[in-house]
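Scroll down for the structure; my scribbles are underneath it.
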Amino acid sequence: GEIVHVRRYLLVANQTLVSQALHELVDERVAAGPAEFHILAPQSTRSATAQILGRAPGPFHSLRRYDRDADRQEAEERLRLFRHAFARLGDALTGEVGGPDPVAAVRKVLERGSFDEIIVSMLPPKRSRWPRGEVIADLQRSVPVPVTALIHDEGDDLASCPIG
(Lines give C-alpha, C1' and ligand atoms only; values in the text may rest on other atoms or scores of the structure.)
Protein backbone atom coordinates (compact mmCIF):
# COMPACT_ATOMS: atom_id res chain seq x y z
CA GLY A 1 0.00 0.00 0.00
CA GLU A 2 0.73 3.62 -0.40
CA ILE A 3 2.05 5.62 2.55
CA VAL A 4 -0.18 8.60 3.29
CA HIS A 5 1.31 11.49 5.22
CA VAL A 6 -1.24 13.05 7.53
CA ARG A 7 -0.34 16.67 8.19
CA ARG A 8 -0.72 17.67 11.84
CA TYR A 9 -1.72 21.25 12.66
CA LEU A 10 -1.60 22.96 16.02
CA LEU A 11 -4.23 25.67 15.88
CA VAL A 12 -3.86 28.36 18.56
CA ALA A 13 -6.97 30.50 18.98
CA ASN A 14 -9.51 31.64 21.53
CA GLN A 15 -11.76 34.61 20.75
CA THR A 16 -11.26 34.00 17.02
CA LEU A 17 -12.35 30.33 17.11
CA VAL A 18 -15.75 31.49 15.86
CA SER A 19 -14.41 33.56 12.95
CA GLN A 20 -15.30 32.82 9.34
CA ALA A 21 -11.69 33.43 8.25
CA LEU A 22 -10.39 30.72 10.60
CA HIS A 23 -13.05 28.24 9.51
CA GLU A 24 -12.10 28.89 5.87
CA LEU A 25 -8.40 28.32 6.64
CA VAL A 26 -9.20 24.98 8.31
CA ASP A 27 -11.33 23.99 5.29
CA GLU A 28 -8.36 24.83 3.00
CA ARG A 29 -6.00 22.63 5.05
CA VAL A 30 -8.53 19.77 5.00
CA ALA A 31 -8.98 20.12 1.22
CA ALA A 32 -5.18 19.94 0.72
CA GLY A 33 -5.00 16.37 2.03
CA PRO A 34 -5.30 14.18 5.12
CA ALA A 35 -5.06 16.39 8.20
CA GLU A 36 -5.34 16.31 11.97
CA PHE A 37 -5.90 19.36 14.13
CA HIS A 38 -5.20 19.97 17.78
CA ILE A 39 -6.84 23.17 19.01
CA LEU A 40 -5.11 25.05 21.81
CA ALA A 41 -7.31 27.76 23.30
CA PRO A 42 -5.17 29.80 25.70
CA GLN A 43 -7.58 31.36 28.14
CA SER A 44 -7.67 35.10 27.83
CA THR A 45 -7.35 37.41 30.78
CA ARG A 46 -10.03 39.97 31.47
CA SER A 47 -7.77 42.88 32.21
CA ALA A 48 -4.26 43.76 33.27
CA THR A 49 -5.73 45.55 36.28
CA ALA A 50 -7.44 42.40 37.53
CA GLN A 51 -4.17 40.50 37.05
CA ILE A 52 -2.22 43.02 39.14
CA LEU A 53 -4.91 43.24 41.82
CA GLY A 54 -5.13 39.45 41.92
CA ARG A 55 -1.50 39.20 42.98
CA ALA A 56 -2.00 41.42 46.02
CA PRO A 57 -3.48 39.99 49.21
CA GLY A 58 -6.80 41.52 50.16
CA PRO A 59 -10.33 41.82 48.83
CA PHE A 60 -9.33 41.53 45.14
CA HIS A 61 -7.68 38.14 45.51
CA SER A 62 -10.96 36.23 45.09
CA LEU A 63 -11.97 38.50 42.18
CA ARG A 64 -8.98 37.30 40.18
CA ARG A 65 -9.82 33.66 40.86
CA TYR A 66 -13.37 34.24 39.63
CA ASP A 67 -12.10 35.93 36.49
CA ARG A 68 -9.82 33.00 35.73
CA ASP A 69 -12.76 30.59 36.06
CA ALA A 70 -14.91 32.73 33.77
CA ASP A 71 -12.07 33.01 31.23
CA ARG A 72 -11.63 29.22 31.23
CA GLN A 73 -15.37 28.66 30.78
CA GLU A 74 -15.44 31.07 27.82
CA ALA A 75 -12.49 29.30 26.18
CA GLU A 76 -14.09 25.89 26.77
CA GLU A 77 -17.37 27.07 25.24
CA ARG A 78 -15.62 28.47 22.14
CA LEU A 79 -13.71 25.20 21.81
CA ARG A 80 -16.98 23.26 22.06
CA LEU A 81 -18.57 25.40 19.35
CA PHE A 82 -15.53 24.94 17.08
CA ARG A 83 -15.56 21.16 17.56
CA HIS A 84 -19.27 21.13 16.78
CA ALA A 85 -18.69 23.15 13.59
CA PHE A 86 -16.05 20.64 12.47
CA ALA A 87 -17.69 17.49 13.84
CA ARG A 88 -17.16 15.86 10.42
CA LEU A 89 -13.44 15.62 11.28
CA GLY A 90 -14.22 13.24 14.14
CA ASP A 91 -11.09 11.95 15.88
CA ALA A 92 -8.89 14.10 13.60
CA LEU A 93 -9.88 17.09 15.77
CA THR A 94 -8.78 17.33 19.39
CA GLY A 95 -8.53 20.33 21.69
CA GLU A 96 -7.70 21.76 25.06
CA VAL A 97 -7.76 25.00 27.01
CA GLY A 98 -4.28 26.23 27.94
CA GLY A 99 -2.86 28.80 30.31
CA PRO A 100 -3.07 32.52 29.57
CA ASP A 101 0.41 32.83 28.03
CA PRO A 102 -0.01 31.44 24.51
CA VAL A 103 3.74 30.96 23.93
CA ALA A 104 4.17 28.92 27.13
CA ALA A 105 0.98 26.97 26.33
CA VAL A 106 2.29 26.08 22.85
CA ARG A 107 5.62 24.91 24.29
CA LYS A 108 3.73 22.60 26.68
CA VAL A 109 1.76 21.05 23.81
CA LEU A 110 4.96 20.58 21.77
CA GLU A 111 6.44 18.57 24.65
CA ARG A 112 3.70 15.97 24.07
CA GLY A 113 3.55 15.83 20.28
CA SER A 114 4.88 17.02 16.95
CA PHE A 115 3.19 19.16 14.31
CA ASP A 116 3.83 20.17 10.72
CA GLU A 117 2.54 23.71 11.21
CA ILE A 118 1.37 26.00 13.99
CA ILE A 119 -1.45 28.34 13.01
CA VAL A 120 -2.02 31.27 15.36
CA SER A 121 -5.36 33.01 14.94
CA MET A 122 -5.66 36.22 16.91
CA LEU A 123 -7.25 39.62 17.14
CA PRO A 124 -5.21 42.69 16.20
CA PRO A 125 -2.71 43.45 19.01
CA LYS A 126 -4.81 46.40 20.25
CA ARG A 127 -7.85 44.15 20.80
CA SER A 128 -6.12 40.94 21.84
CA ARG A 129 -6.37 39.92 25.51
CA TRP A 130 -3.25 37.79 25.29
CA PRO A 131 -0.61 39.24 27.61
CA ARG A 132 2.19 39.27 25.04
CA GLY A 133 1.83 41.40 21.96
CA GLU A 134 4.66 39.60 20.21
CA VAL A 135 3.16 36.10 20.26
CA ILE A 136 3.96 35.37 16.61
CA ALA A 137 7.56 36.60 16.75
CA ASP A 138 8.18 34.77 20.05
CA LEU A 139 6.90 31.51 18.58
CA GLN A 140 8.84 31.89 15.34
CA ARG A 141 12.02 32.40 17.37
CA SER A 142 11.46 29.64 19.90
CA VAL A 143 9.78 26.65 18.23
CA PRO A 144 11.14 24.38 15.47
CA VAL A 145 7.86 24.35 13.53
CA PRO A 146 6.64 26.77 10.81
CA VAL A 147 4.29 29.36 12.32
CA THR A 148 1.45 30.86 10.27
CA ALA A 149 -0.32 33.96 11.56
CA LEU A 150 -3.97 34.74 10.92
CA ILE A 151 -4.46 38.25 12.28
CA HIS A 152 -8.06 39.32 12.04
CA ASP A 153 -9.01 42.78 10.81
CA GLU A 154 -10.58 45.32 13.13
CA GLY A 155 -13.76 44.91 11.08
CA ASP A 156 -14.06 41.14 11.52
CA ASP A 157 -17.38 40.32 13.12
CA LEU A 158 -16.90 37.80 15.91
CA ALA A 159 -20.39 38.48 17.23
CA SER A 160 -21.59 35.06 16.06
CA CYS A 161 -20.09 33.80 19.31
CA PRO A 162 -22.83 33.82 21.98
CA ILE A 163 -20.37 34.46 24.79
CA GLY A 164 -18.97 37.74 23.54
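Inside the stretch 1-18, residues that are part of a loop (DSSP other than H, G, I, E, B) and buried (at least 21 other Cβ atoms within 10 Å of the Cβ) make up a count of 2. Close Cβ contacts (under 8 Å, 6 or more residues apart or on different chains) running from residues in the stretch 68-90 that are closer than 19 Å to residue 128 by Cβ and open to solvent by less than 50 Å² (accessible area, probe 1.4 Å) to residues that are assigned to a helix (DSSP H, G or I) and among the polar types (S, T, N, Q) comprise 78/15. For residue 65, are the conditions met, namely being part of a helix (DSSP H, G or I), at pLDDT below 95 and of a type outside the set (Val, Ile, Thr)? For residue 65, the condition - part of a helix (DSSP H, G or I), at pLDDT below 95 and of a type outside the set (Val, Ile, Thr) - is met.
Restricting attention to the stretch 34-50 and to residues that are open to solvent by 20 Å² or more (accessible area, probe 1.4 Å) and modelled with pLDDT under 95, the residue that is nearest to residue 89 (Cα to Cα) turns out to be 46. For the stretch 68-104, the set of residues classified as part of a loop (DSSP other than H, G, I, E, B) and at pLDDT 95 or above consists of 86 only. Residue 21 meets each of the listed conditions (1) farther than 22 Å from residue 126 by Cα; (2) in a helix (DSSP H, G or I); (3) at pLDDT 90 or above apart from (1).
The values are calculated or read from the model by the stated rules, or taken from the named source; none is laboratory data. This is a predicted model, so every value here is computed, not measured. Ideal geometry is used to build each Cβ from the backbone, glycine not excepted, and the neighbour counts take in all protein chains shown. Quick note on the areas: whole protein, heavy atoms, side chains included, nothing else; ligands and nucleic acids left out. Shrake-Rupley method; radii C 1.70, N 1.55, O 1.52, S 1.80 Å.
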